[in-house]
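The structure appears right after this line, and notes come after that.
The values are calculated or read from the model by the stated rules, or taken from the named source; none is laboratory data. Quick caveat: nothing in here was measured; it's all calculated off a predicted structure. With ideal geometry, Cβ positions are generated from the backbone for all residues, glycine too; neighbour counts draw on all protein chains shown. Note: accessible area is taken over every heavy atom of the protein model, side chains too, but ligands, DNA and RNA are not part of it. Shrake-Rupley method; radii C 1.70, N 1.55, O 1.52, S 1.80 Å.
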Amino acid sequence: MSDRDAKIISMDSTSYQSAVADLSEASEAYRTGITVSPMSDAEYDALLAEITDYEQSNPSDAIDHALHTVGEGTSGDTPHAAPMLSLEKVHSTGAASAWVSKAKAAAGRFGDRVVVEPKLDGIAVAATYEDGRLVRVVTRGNGIAGEDVTDRLGDVLGLPLTCDIGDNEVRGEIVFNSDQFAVANRLRVAAGKEMFANRRNGVAGTVRKDAPGAERPEMSFYAYGATGKVSDTPGYTNDMRSLDALGFNPVYTAPEFQTTNLTPGGLDGELAHIEQMRTMPVPFVEMDGAVIKMDDERAREALGEGNRHPRWAVALKFAAEEVTTTLLDIEVSVGRTGLHALRGRVAPVEVAGVTVEYATLHNPSDLIERDVRPGDTVIVRRAGDVIPEIVRHTERPADSRPWIMPSECIACGSELDQTSKRWKCENDECVGGSAALLAYACGRDALDIEGAGQSTVEALLAHGLLNGIDGLATLTVSDVARLPGFGISSARSLIDEIAKAKSQPLARLVIALGIPMTGRSMSRTLAQHFGTMDALLAASTDDLQTVAAVGDRRAEVIHRALRRLHPTIVTLAEQGWNMTDESYGQTPLDTSGGPLGGLKVVVSGKVPGLSRAEAQELVVRLGGETSGSVSKTTSVLVSGEGAGGKFSKAKALGVRIESPEWLLALADG
């Protein structure tokens, strides 16, 4: 039995305070968006129910906390048109069936129509429209008022900026689909930040934090209601069809699952269908259960609402799958920015349809608190595409000893900053582990060497064939062919890719060097400002401070890094890597008369033959200014396949829209 189980069975004043602290920590993990919550939703709900019962029985012991708000953390001060209540939860199909029977009986002749939808795992918001124009997006908060996050959102698919809805408030869930989540984490890595632990945390963290426009990833909105009239024909299903026609994404469209009216015995089939979609290896939209609700407004009026929950709907929460296995080892890795991450290597076990050999241990602080050790029998939990996590140990060998986290950086030996949960190297010049840096250097935003992913880089390092970026050009076909999974043909392809990368623009080589306090944008700025690698190497800290967005601190860090990297850069130059910005020595494009001179251009979707970074570089070469989001100041949107919400936003704002072929034609002259 776990400590948490014991708390639920018997709670006194001390364990009550501990339980509040546990839930507050789990709530904070969800709110900030970085770490995985230390407990499952089912554990959270059960412990919250026990806390509520204890407080009702012992009101004098109750302490101040925010756990009884119905929202996801910060309440805010923007009122809702009507309370946004949370749903009552059940945790079994039997309990769901009992709720349906009871609700139908209470609703009488209006209770025949009951609908089932996926319960999406995101953040609930209310979108306010005035005269058909979106003016405000507010989180659920405490149900009465929420946080206005309108200015923190990038593009949101399924949330039209204008539509024929008059004055209304549309409610729904903001989520990341699988593609959007991948992009969001790429943006965070490019900005030197830690990846989001999972989609739900990612949405919560994104919505609640001010970020530069380039770091505001696209998200999706799925509607599940409105406070005003949206359909001439009464009924929830009809309302959802009307919202669909207006450009919203009703919840039932999320996983291509159509809302249905329940027939006797039909509930199990509908729930099984949602569960099947939820447990796909990478579901397009994360769902953590099903919502069952009355379709007829008259049934809803008959059932009414309580203080916290409507009586006409219920949420069935699906439990994450948990299995036991043996923790074989605890491994530490260091990222490019110096953050030290932990993972456990476990005896292979199948969890939620996927064979798991590694599971996250979150961060050193969590590991110390949980006291998980190699050799322990542990519980591994996984739901959807959430990273498998080690929850706790259940058995331990008699000769077990605590595992000790290194206090020094495993890459450079410097002290680790232990003031936060995520320990980080204190050395500003630490470039992290060789594998992390080299994989970053070979990635799409840098040298773009196809076939040189993380696993290939790790294999090259393990076989002693590579120890730095200057070793790439010395690799031979016979070297690479020795690696697992490679043959002569695939090895030759990789060598050809490396040879092609040697002619990449200077900005990409600067990115690949992994200079601290720089990223893709700053690397491009440095390359364009100095023109050649020689000029960049010769730049003093004062010279560097003449570059836009480079202050004294950043100038010092870049200057020291360039001095440290000088031998590597000399070798790269001797190997024939491009060391000159392609526009250096040429007359710059006339910003008033060039093909894109004076224009602010957004590229969205696919441009044939070009990566996203290459398409943006093309815009710059043609004299334009690039941007990651559409606004009133955007001159042109280049809209390709998969452009998503930027197309509808540009259309609503009257922004000029062109095809990728138009951009390529400009490049051809």
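Structure notes:
- For segment 204-224, the candidate set comprises residues that are assigned to a loop (DSSP other than H, G, I, E, B) and at pLDDT 70 or above; within that set, the residue that is least open to solvent (accessible area, probe 1.4 Å) is Pro217.
- Residues that are open to solvent by less than 60 Å² (accessible area, probe 1.4 Å) and under 23 Å from Gly468 (Cβ atoms) within segment 540-569 comprise Val557, Ile558, His559, Ala561, Leu562, Leu565, Thr568, Ile569, listed in sequence order.
- Output for segment 361-378, where each listed residue is of a type outside the set (Asp, Glu), modelled with pLDDT of 85 or more and touching a Ser or Thr at 6+ places or on another chain (Cβ under 9 Å): Arg373, Pro374, Gly375, Thr377, Val378
- Checking Glu389 against (1) open to solvent by 70 Å² or more (accessible area, probe 1.4 Å); (2) in contact (Cβ under 8 Å) with a residue 24 or more places away in the chain, the condition it does not meet: (1)
- Taking residues in segment 355-374 that are on the phi > 0 side of the Ramachandran plot, and partners anywhere that are surrounded by 17 or more Cβ atoms within 10 Å (Cβ to Cβ), the pairs with Cβ atoms closer than 6 Å and at least 6 places apart or on different chains are His362/Thr35.
- Subset of segment 301-327 [open to solvent by 30 Å² or more (accessible area, probe 1.4 Å) and among the basic types (Lys, Arg)]: Arg308, Arg311
- Sole exception among (1) part of a helix (DSSP H, G or I); (2) surrounded by fewer than 20 Cβ atoms within 10 Å (Cβ to Cβ); (3) at pLDDT 85 or above for Pro83, by number: (1)
- Restricting segment 276-290 to residues that are in a strand (DSSP E or B) and within 18 Å of Phe181 (Cα to Cα), the residue that is modelled with the lowest pLDDT: Val285
- Looking only at residues of segment 600-626 that are in a loop (DSSP other than H, G, I, E, B), touching a Lys or Arg at 6+ places or on another chain (Cβ under 9 Å) and buried (at least 17 other Cβ atoms within 10 Å of the Cβ), we find that the one that is modelled with the lowest pLDDT is Gly605.
- Filter result for the condition that a residue is of a type in the set (Gly, Ala, Ser), at pLDDT 80 or above, more than 30 Å from Ser521 (Cα to Cα) and open to solvent by 20 Å² or more (accessible area, probe 1.4 Å), over Gly166, Gly146, Gly132: Gly166
- The sole residue among Gly453, Gly443 that is open to solvent by 30 Å² or more (accessible area, probe 1.4 Å) and within 28 Å of Arg199 (Cβ to Cβ) is Gly453.
- Members of segment 109-129 found to be open to solvent by 40 Å² or more (accessible area, probe 1.4 Å) and acidic (Asp, Glu), listed by number: Asp112
For (1) more than 29 Å from Val620 (Cα to Cα); (2) modelled with pLDDT of 90 or more; (3) part of a helix (DSSP H, G or I), each residue gets a yes or a no:
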| site | (1), (2), (3) |
| --- | --- |
| Val480 | yes, yes, yes |
| Ser493 | yes, yes, yes |
| Glu497 | no, yes, yes |
| Val510 | no, yes, yes |
| Ala535 | no, yes, yes |
| Ala549 | no, no, no |
| Arg554 | no, no, yes |
| Val557 | no, no, yes |
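- Subset of segment 570-593 [modelled with pLDDT of 90 or more, exposed (fewer than 13 other Cβ atoms within 10 Å of the Cβ) and among the hydroxyl-bearing types (Ser, Thr, Tyr)]: none
- Residues in segment 499-523 that are within 20 Å of Leu466 (Cα to Cα) and more than 31 Å from the chain's Cα centre (by Cα): Ala499, Lys500, Lys502.
- Qualifying positions in segment 475-529 - open to solvent by 30 Å² or more (accessible area, probe 1.4 Å) and among the hydroxyl-bearing types (Ser, Thr, Tyr): Thr476, Ser478, Ser489, Ser490, Ser493, Ser503, Ser521, Thr525
- Search result, residues across segment 457-474 that are crowded, with 18+ Cβ neighbours inside 10 Å, aliphatic (A, V, I, L, M) and touching a residue at least 60 places away in the same chain (Cβ under 8 Å): Ile469
- Residue within segment 502-521 that is farther than 25 Å from Leu187 by Cβ and touching a residue at least 60 places away in the same chain (Cβ under 8 Å) present: yes
- Wholly within segment 323-425, strands (runs of 3 or more DSSP E) carrying at least 3 residues that are of a type in the set (A, V, I, L, M, F, W, C) and in contact with a Leu (Cβ under 7 Å, 6 or more places away or on another chain): 340-351
- Of all residues in segment 157-203, those satisfying the criterion of being in a loop (DSSP other than H, G, I, E, B), closer than 23 Å to Ala226 by Cβ and small (Gly, Ala, Ser) are Gly158, Gly166.
- Count of segment 227-251 residues which are among the aliphatic types (A, V, I, L, M), open to solvent by less than 40 Å² (accessible area, probe 1.4 Å) and not in a helix (DSSP H, G or I): 1
- For the condition within 18 Å of the chain's Cα centre (by Cα), outside any strand (DSSP E or B) and farther than 24 Å from Leu316 by Cβ, Gly154 qualifies.
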